[in-house]
Amino acid sequence: MITVTIDGMQVVLQKPVTILEAARQLGIVIPTLCNHESLEPYGGCRLCLVEIEKTPRLQTACTQYVDDGMVIYTGSQAVIEARRSVLEFLLINHPLDCPVCDKAGQCELQDAVAKYGAPAGRFIEDKRNVPENFEDPLIVRNMQRCISCARCIRMCDGVQGASAICMVNRSGKTRVEPFSGGRFDCEYCGNCLTVCPVGALLSKDNRHAYRPWMIDNTVTSVCPFCGVGCCLNIQIRDNAIVRVVPQGSGVGKSLLCNRGRFGCDVVKSSNRLTSPLIRTGEGLRNVTWDEAIGFVVERLVGIKQRYGGTTIGGIASGRCSNEDNYAFQKFFRSALDSNNIDSAAGLSYGPVRRFLEGAIGRACAANDMERISRSRAVLVIGEDPTSVNPVLGLQIRAASRKGIPVITIGHMPGLRLYQAIKLTARPSAETILLRALVSALKTSTEPAGSNSVLDDALRSVRHVSLKEAESMCGISQRRLDEAIVALVGAKDVSIIIGTHLVRREDGHLNLLMIACLAYLLQGRIFIMSESPNDYGLFDMGCHPYALLGAMPSRTGLGVMEMIDAAVSGGLKALYVMGDDIFSVLPDKEHVKAALSALQLLVVQDSFLTETAGMADVVLPVPFWAEQEGSFTNLESKTRQFGKALQGPGKEGWRIISEISKGLGYYMNYNDAAQVRAEIESTASLQKVGADDERARILCAPSELDYQPHEDDGKIVALVDFPLLGQSPEYGCSPTLKLVTREPYVRLGTTLAGHLSIEDGDEVSVSSDMGTLRLHAVIDADLPGSTVMIPRSTGDKGILTLMKWRMNQVTKCPVFDKTEVVISKIPGNQEP
Amino acid sequence: MAHILLKHIDHPGSRDIGVYMKSGGYRSLEKALAMKRSDIIDEMKHSGLRGRGGAGFSTGVKWSFSTLTPNLPKYLLCNADEGEPGTFKDRPILEENPHLLIEGMIISAYALGAEYGYIYLRREYPAALGILEKAIRDAYKNNLLGRDILGNGIQFQLSVFQGAGAYICGEETALIESMEGQRGQPRIKPPFPVTDGYVGKPTVINNVETLANVPYIIEAGGAAYSKIGSPSCPGPKLFSVSGHVKRPGVYELPMGISLREIIYDHCGGIRDDRALKAVIPGGISTPVLPANNIDCPMDFLNLPRHGSMLGSGAVMVFDETVDMSWVCLRATRFFEHESCGKCTPCREGVGWMAAILARMHAGQGNSGDIELLLNVALNISGNTLCPLGDGAASVVKSFLRHFRREFEEKLERKSCSAERA
């Protein structure tokens, strides 16, 4: 117990805290500038100086911890004078250009000076002159306003882990500069903008656009760009988003990533749909809502009557709210009598979630993200979490910074500086690697409890020695052993699973091995998810194998099966909600053939996508902040987002209930809250616990033996997940376009050397399916025979090169057999 | 007094390990290795040795703090970032007597249980780099450094780390930051380096001269050492004397000797036998003393009684011809240039003081400038993160206290010329 007296008031504390914290508990405000709740104490600005009895000098409240019996004064004459002088010092070189500074009105320096500063200045010399820097496409630097509090640098270095900026020069010439010179060329999280207390770092996007006090409204929302679902506030003026800022609490706290912060301008994209459209001949024409809905109803009734509901398919989306997805599947199952409901998430997220929940238990992935940085070890499998789910990735970086071992399986450039043990197997050899880990762990750990499916699997899986693993995966035994030691010793392991590992030839076995690892380590599971509502999508039952509260009496078709069925004539109508299936499915020609063969293609979306361009009917819906709804994030936390803007179109659930009404099935919802209420009453029926039947599908015992993989020297293309340029909406964000990389192919040093390719060279990448012209990016960490190409929209992405193959167990298209040939395109000879 | 630190310094081969060993070098190490670690630390305490870097903290006490923490490994750093104007006392040791330092470091490392050591050498001593590196190589060859020192199973690995030229890196926590590859800026204390130092491990940092005293203390014993010089601050002290004396240079003299003896007996008096005006007794960061203070004993306790500090023992002598407001400006410009920029009062305030002084010196001063200057200095004092800004402020205050008239003349001259115009 520590008793401290501050300004005559006593506070009793359980443990030593800083004077600043102790004062806060008493409601005493001590002004600060360099201090920030997300950052370590710095003690640089000296604004928080306080007087302590029996201590000769004033001390900084942000760094000084209290001692028992300490008597502190925060308002004595000495303190007031020190504060005033610190503020005077801060102002002598400050331009005092508040009238043209975007920060004015919410500037911490301005507020502090107004409250504690001197009435007049005494500095008559010339001020420091640093020209404003506009070289970066997103961030403006005004180093004349900078007060050298280093909050941006500490954020960039110690929290974001991008280490893109630093202090340069000394004394009064000190300023913040990106390492890369004028441009930041960083992760563009913009978290430096959040912490800058003054107008030194500002977003170029809304520069001089408004004053903070001119904001009409602030709406709490959830980020729509990945499965983390960071809590953010949307600031509105004149029915337009002026800025998106982190809420400071809830998911993500005061952190955002580039998409969340800068991507919101997709709402003003020129690609937005504004009116319902119906196909006439080659074109789409504007129609009224009555006409469009009448048309859909008429055609669906006809197809259902003639061919039956099972010839109608629906593709839902993790980009849509729980309300939309719930209404969608209810409409299909009840009004159309069809269980053909799936989504793009069904290609990889779906099987992972379904089988892991089957094997380990429902809601096994419903874990708190903040626990990652408090684990004893972190195992990351699959793709790079710092680009798929950036704010989750920061938790892994935080863990690593604390000395917690981070073991990675797969290529993760964003964790390059943060992975203790890197296990990058050759393509197709992940299965062997995972088996080797399972083999080693099962001899050294005893799983708690029992699990009939996984116990069986563990018994029958063939032992893979570290030596075998070394020869087949190209990872040294020593490193494998280090990984095993790190995992066995840790009683508290977070396992972060990238879903694309199931899109392999042995995807189902990868999944089984991951389940075994999670079982042996009793790990806390996180499933990476690309869309904001992949978790909710499945909870809502937009899945051919499961529905909300129960299993369907018969399973429906998965997304790939629907495409096949459309080509073969078994599927007559397809209703696509919220996703551009062209940008997620491989083999464009096949998809095009499928969509052309349909009698009816309904697309309900906010954007005129390639898929919408082929539709018979297009139904515009508001995008994200233009309506209210809820998303369930990868931690299984459901959060509502408010309506911030007026947007074109009708809410998805409203359109669906109107169509449903036309088919004679009434869903009477007046607002999203009514849909939510129905979801809540139904969700309580959900089944809990492991489900052997679902899990057993994963493995036939014979497969638990393995075929050795030989490295045949062929080059295989895999999907890359760049941090900048991830989500398909991206193409629509003018701001993010400025920092998105040109289409590229990532290749290892050895391969590049072998092909005489240098970084930045233009190369051609060809497969049986097509050829791409891309820029080469050399990446030392990539194994020799692998290249990686992002799945960007348009004709530049890896989907152009991919063949149509399916893993029969997971129903996922297989991605690891895309053999490619790479050659350098001779450019203009340098003089 | 026989030289201890500058022993054999005039011998042409003084930096050679053979010469050093022939004259009794590394015997103290042998003796120390036969002692218990705690006995060495006790001997240091008995000696009364105070750190020679400037703060004058008891070396034995500092070492005993280090033994309190169980964390390993421990590091021993030698601060050879002698960057303060006027200070060049360590240079003869580094360049002419490197084995004395190395021997001192090995003994210290053994006493502290430190297995790794670095000499943080300022980049402006390029000759010392080669000399130290050769000396370290020779010590390794003679089994004085390495995994099994003199067959005693003791490990100590030593190498030189070159600074990049920042004065602030002589501050121990900034020195550590710099060694870790960070920007050279002081850290918040606590925690102190002795528990959380280099790479977060317990670290003892001592000045070159401090470590060079260690072999003698082991050889002669703490009690004998404590009889040299002032009873409260015993030992020999290196004084680097510069400015208007006839024979500037580095002098090894007993602690407590008066400025008068240093200037007139050892340095031959003031050049051209002019009158003495002022002395900066301990390097540019210590307050200036007017000539009437020169009977003050030079040690850590007596100089503060006269309004200054011993600092590094860099005596800067100014004769009657010197414009003290100009010295003040030069000193302040140095601090402005070297302020690391981390804390507000030092970053902004010292530059402001320099600007006012420059203006006054250029004849552009205003009537209230002296009060303004004093007030700015007052506002810096005590409010900074490390002693750099405090030093700058106290230097300005001392010049204004003792030589205010010279500043006022600057202002009067301006008003005269204004009248004439």
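Descriptive notes on the structure:
- When B:227, B:189 are screened for being closer than 25 Å to residue B:30 by Cβ, of a type in the set (D, E, K, R) and part of a loop (DSSP other than H, G, I, E, B), only B:227 passes.
- Members of region A:99-137 found to be among the acidic types (Asp, Glu) and either away from chain B (no Cβ under 13 Å) or surrounded by 13 or more Cβ atoms within 10 Å (Cβ to Cβ) (or both), listed by number: A:102, A:108, A:111, A:125, A:132, A:135, A:136
- The set of residues from region A:636-656 being in contact with a helix residue (DSSP H, G or I) (Cβ under 6 Å, 6 or more places away or on another chain) and under 25 Å from residue A:297 (Cα atoms) comprises A:647, A:652, A:653, A:656.
- Qualifying residue in region B:320-339 (condition: under 19 Å from the mean Cα position of the chain (by Cα), farther than 30 Å from residue A:33 by Cβ and of a type outside the set (D, E, K, R)): no
- Hits in region A:104-123 - residues which are closer than 13 Å to residue A:33 by Cβ, touching a residue at least 12 places away in the same chain (Cβ under 8 Å) and not polar (S, T, N, Q): A:107, A:108, A:109, A:112, A:113, A:115, A:116, A:117
- Count of region B:61-87 residues which are out of contact with any helix residue (DSSP H, G or I) (no Cβ under 8 Å at 6 or more places or on another chain) and either surrounded by fewer than 20 Cβ atoms within 10 Å (Cβ to Cβ) or small (Gly, Ala, Ser) (or both): 8
- Neighbours by Cβ (under 7 Å, 6+ apart or cross-chain): first from region A:350-371, on the phi > 0 side of the Ramachandran plot; second in a loop (DSSP other than H, G, I, E, B): A:361/A:689; A:361/A:690; A:363/A:636
- Residue in region A:119-139 that is part of a helix (DSSP H, G or I), out of contact with any His (no Cβ under 8 Å at 6 or more places or on another chain), of a type outside the set (Gly, Ala, Ser) and more than 24 Å from residue A:31 (Cβ to Cβ) present: no
- Of all residues making up region A:355-401, the number that are under 23 Å from residue A:815 (Cβ atoms), out of contact with any helix residue (DSSP H, G or I) (no Cβ under 8 Å at 6 or more places or on another chain) and not in a helix (DSSP H, G or I): 1
- If you go through region A:281-305 and keep only what is under 30 Å from residue A:333 (Cα atoms), without any contact (Cβ under 8 Å) to a residue 40 or more places away in the chain and either hydroxyl-bearing (Ser, Thr, Tyr) or in contact with a Lys or Arg (Cβ under 9 Å, 6 or more places away or on another chain) (or both), you end up with just A:288.
- Within region A:66-100, being touching a helix residue (DSSP H, G or I) at 6+ places or on another chain (Cβ under 8 Å), free of Cβ contacts under 8 Å to residues at least 40 places away in the same chain and not polar (S, T, N, Q) holds for A:80, A:81, A:82, A:84, A:88, A:89, A:91, A:92, A:98.
- Qualifying residue in region A:511-519 (condition: within 20 Å of the chain's Cα centre (by Cα), at pLDDT 90 or above and not aliphatic (A, V, I, L, M)): no
- Which numbered condition residue A:120 misses (of (1) within 20 Å of residue A:197 (Cβ to Cβ); (2) hydrophobic (A, V, I, L, M, F, W, C); (3) out of contact with any Lys or Arg (no Cβ under 6 Å at 6 or more places or on another chain)): (1)
- All of (1) in a strand (DSSP E or B); (2) of a type outside the set (Ser, Thr, Tyr); (3) crowded, with 23+ Cβ neighbours inside 10 Å hold for residue A:422 with one exception: (3).
- Summed over region B:1-15, the residues that are farther than 23 Å from residue B:229 by Cα and touching a helix residue (DSSP H, G or I) at 6+ places or on another chain (Cβ under 8 Å) give a count of 4.
- Residues in region A:138-175 that are away from chain B (no Cβ under 11 Å) and either out of contact with any Asp or Glu (no Cβ under 8 Å at 6 or more places or on another chain) or within 20 Å of residue A:91 (Cα to Cα) (or both): 12 in all.
- Index of the failed condition, residue A:205 passing every other in (1) of a type outside the set (Val, Ile, Thr); (2) closer than 18 Å to residue A:632 by Cβ; (3) touching a Phe, Trp or Tyr at 6+ places or on another chain (Cβ under 8 Å): (2)
- All of (1) over 23 Å from residue A:42 (Cβ atoms); (2) assigned to a loop (DSSP other than H, G, I, E, B) hold for residue A:144 with one exception: (1).
- The number of residues in region B:171-186 being part of a helix (DSSP H, G or I) and either farther than 17 Å from residue B:75 by Cβ or more than 16 Å from the chain's Cα centre (by Cα) (or both) comes to 4.
- Residue in region B:158-170 that is assigned to a loop (DSSP other than H, G, I, E, B) and surrounded by fewer than 19 Cβ atoms within 10 Å (Cβ to Cβ) present: yes
- Flag if residue B:204 is assigned to a loop (DSSP other than H, G, I, E, B), touching a residue at least 60 places away in the same chain (Cβ under 8 Å) and touching a Leu at 6+ places or on another chain (Cβ under 9 Å): no
- Within region A:283-301, tally of residues that are surrounded by 15 or more Cβ atoms within 10 Å (Cβ to Cβ) and at pLDDT below 95: 1
- Residues (among the small types (Gly, Ala, Ser) and more than 8 Å from every other protein chain (Cβ to nearest Cβ)) located in region A:34-93: A:38, A:61, A:69, A:75, A:76, A:78
- In region A:1-33, the residues that are in contact (Cβ under 8 Å) with a residue 40 or more places away in the chain, touching a helix residue (DSSP H, G or I) at 6+ places or on another chain (Cβ under 7 Å) and away from chain B (no Cβ under 14 Å): A:4, A:6, A:13, A:30
- Residues satisfying the stated conditions in region A:626-652, i.e. crowded, with 23+ Cβ neighbours inside 10 Å and within 25 Å of the chain's Cα centre (by Cα): A:627, A:629, A:631, A:632, A:633, A:634, A:641, A:644, A:651, A:652
- The residues listed here are B:201, B:189; of these, the one that is closer than 13 Å to residue B:75 by Cα and either of a type in the set (D, E, K, R) or at pLDDT 95 or above (or both) is B:201.
- Checking each residue in region A:598-625 for being aromatic (Phe, Trp, Tyr) and touching a Ser or Thr at 6+ places or on another chain (Cβ under 6 Å) picks out only A:623.
- Scope region A:313-367; condition among the basic types (Lys, Arg), closer than 19 Å to residue A:527 by Cα and buried (at least 24 other Cβ atoms within 10 Å of the Cβ); matching residues: A:319, A:353
The values are calculated or read from the model by the stated rules, or taken from the named source; none is laboratory data. Keep in mind the model is a prediction, meaning the values are calculated, not measured. Here Cβ is always computed from backbone atoms with ideal geometry, including for glycine, and neighbour counts include all displayed protein chains.
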